[in-house]
Amino acid sequence: MNPLSNLQTPTQQQTAFYSKSLFCATNTKEYQQAMDMARDCVVAFLEENKKPFSGIAPETLKKQFESLNLNIPLAGYEKVFQEAKELYTQHAIAFHQPGYVAHLNCPVVIPAIAAEVLISAINSSLDTWDQSAGGTLIEQKLIRWTCDEIGFGSKADGVFTSGGSQSNLMGLLLARDHYAVEYLNHNIKKEGLPAEASRFRIFVSEAAHFSLQKSAAILGLGEQAVVKVKTDRSFRMNTVLLEDAIKREIGNGNIPIAIVATAGTTDFGNVDPLTAVANLAAKYRLWLHVDAAYGCGALLTEKYRYLIDGIEKANSVTVDYHKAFFQPVSSSAFLVNDKRYFGLVTHYADYLNPKDHDDNGIPNQVNKSIQTTRRFDALKLWFTLRIMGKEGLGNYIERIIETTKEAVKVIENDSHFELLNHSDLSALVFRYSACPFKSFDLNNINLHIKAQLYKNGFGLVAGTKVNGQFYLKFTILNPLTTTTDIQDILNLIKQHGNEYIDFN
Ligand SMILES: *Cc1c(COP(=O)(O)O)cnc(C)c1O
């Protein structure tokens, strides 16, 4: 007897009940209406938010959340979008506004946003071929393209990640496990850390990203494993001091395993001398990881590609498309010059990616990733390149680098300011320094300025500390930001600085 015959055909009412709001063929109408309203909500965000930030204080916004009961649904999409506007979009930080020059958030391009609609609806998971099919091939083709742009050879490979932090973690993970296999004949994946691991050392510049210390901690090496090498006057790793540090650690009985060079530091946008660092890595047989989370933008332009020459000498590279390729979060990749390194992290699960898949040529990206279920972020970059080409994005990069050079002139020609760096890319660290009396603390004045800018929301800048002193920072990533916008923000800074002095 057919067991299915015991099941009654559901009534129309039952079908409606069990398919409520599901993404399925019977609900195309709801899907279309919801998407239309979502689009209208985004268009309103573009048209109605006139400045980068409303300036709302956390206390004020928090109050609106207090009485909400998530167990009582709202009456429909109209109500949901109204609520989203009040709680979120009205006060969201608008990265597309030319006056937003704070953190490393680029404005995003429309082809990528269109791809995002497909990504979340179709919801492929890129861990295995049997959950993604063509999605895996699209990702692989983009990885190959990126490897070619870097100048890696035919053995190179890579995988999309959630961000630069994860890519850096993978770089140090492979460096650690590769060292142990190669020089200690020890398999960390299987046996855990060897006794020598507490003496492993990784060299970074003092301007490198903090995710490297976090990674060393996660990897069981401790933050102590990260040796910070001083930078030169332009905030690039000083390679004389790098070699001194390597020798010193060896002299102390420690074990250098890797160097991380930063191609575009988060604070200064400067690129470590990649070729000189690569030569030292070769001399001491160390893994070279290049963190190009920010500097990867130079891959897009012939004019500025020279800035990251030497990147092709790396064992592994971090690129962040959501920092410098105008992609929505998240979109990043981790790349190696030899795909065999990924064997260090591969785990074959019988239910997901059995070993025989490899033998039969079935591509499973999970073999190269520390994630399992993984978004099809690659489709965003695919749409972007298919609509705009590399050149379209490259023009943006050229523009922001040139705007930054103009901004340098403006800041340097104004006696109210002290500029700390010239940038290879587009980050400038400076402070208001027009202080007539010594009794004023420049740190307090600049902290006041930053807080006032945030409260008024017309121009948003970041802040950072250099040698214990507080500075303001411009990160220019919007091709629409002009020298006039920069001048306007500088005028606001002067106004808040002057008013602090007048009132204190
Ligand atoms: C932002 C940044 C990272 C971290 O990237 P996420 O995508 O934020 O995780 C790493 N390195 C550098 C140089 C960065 O600027």
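Extension gain for the segment Val43 to Gln82, taken as residue separation times 0.36 nm less the Cα-Cα distance, is 12.7 nm to one decimal.
Taking the number of Cβ atoms within 10 Å of each Cβ as an exposure proxy, the fewest-first ranking of Met388, Met37 is Met37, Met388. Radius of gyration (Cα atoms) of segment 43-124, expressed as a multiple of 2.2 N^0.38 Å: 1.32.
When all alpha carbon pairs of segment 95-211 are counted in 5 Å bins from zero, the resulting P(r) reads 2, 8, 11, 14, 17, 17, 13, 9, 6, 3, 1 %. Distance distribution note for segment 125-387: the fraction of Cα pairs above 23 angstrom is 50%. Among Ser205, Leu174, Ala216, which residue has its Cα positioned farthest towards the positive end of the charge dipole of segment 174-265, with +1 placed on the Cβ of Lys and Arg, -1 on the Cβ of Asp and Glu, and the dipole taken about the Cα centre? Final value for the positive-end residue is Ser205. Neighbour counts of other Cβ atoms within 10 Å put Ile493, Ile93, Ile119, Ile259 in the fewest-to-most order Ile93, Ile119, Ile493, Ile259. Please compute the Kirkwood hydrodynamic radius of segment 302-351 from all pairs of different C-alpha atoms, in Å with one decimal. Final number for the Kirkwood radius of segment 302-351 is 13.5 Å.
Taking every DSSP helix (H) stretch of at least 4 residues in the chain, weighting each as -39,500 (n - 2.57) and dividing the sum by the residue count yields a mean residue ellipticity at 222 nm of -13500 deg cm²/dmol. The calculated FRET efficiency for the pair Trp145 and Leu447, based on their C-beta separation and a Förster distance of 30 Å, comes to about 0.10. Model label sites at His347 and Ile122, defined 7 Å from Cα along the beta-carbon direction, differ in position by 3.0 nm. Evaluated on segment 390-502, the Kirkwood hydrodynamic radius is 14.5 Å, with distances taken between all distinct Cα atoms. Taken along the Cα-to-beta-carbon direction at a fixed 7 Å, the label points for Thr275 and Glu196 span 3.3 nm.
Debye-formula intensities of segment 237-368, expressed as log10 I(q)/I(0) at q = 0.11 Å⁻¹, are -0.52 (one equal scatterer per alpha-carbon, no solvent). Assuming charge only on the beta carbon of Lys and Arg (+1) and of Asp and Glu (-1), the dipole of segment 125-387 about its Cα centre is about 360 debye to the nearest 20. Remark: the Lys214-Glu402 segment gains 64.3 nm on full extension, using 0.36 nm per residue and subtracting the alpha carbon distance.
For segment 355-373, the residues whose backbone nitrogen is under 18 Å from a point 7 Å from the Cα of Asp130, taken along Cα to Cβ, are 355-368, 372-373.
Which ordering of Leu299, Leu87 is given by a fewest-first count of other beta-carbon atoms within 10 Å?
Going from sparsest to densest Cβ surroundings: Leu87, Leu299.
Based on the reciprocal of the average 1/r between different C-alpha atoms, the Kirkwood radius for the chain equals 25.4 Å.
Remark: spin-label model distance Gln224-Ile250 equals 2.2 nm, labels positioned 7 Å along the Cα→Cβ axis.
Listed by chain and number, the lysines whose alpha-carbon sits under 22 Å from that of Lys51, ignoring those within fewer than 8 places in the same chain, are Lys62, Lys85, Lys323, Lys450, Lys455, Lys473, Lys494.
Throughout, read-outs are computed from the coordinates displayed, never taken from laboratory work. Not measured: the values here are computed from a predicted model. Counting neighbours? That spans all protein chains shown, and the Cβs are built from the backbone with ideal geometry, glycine included.
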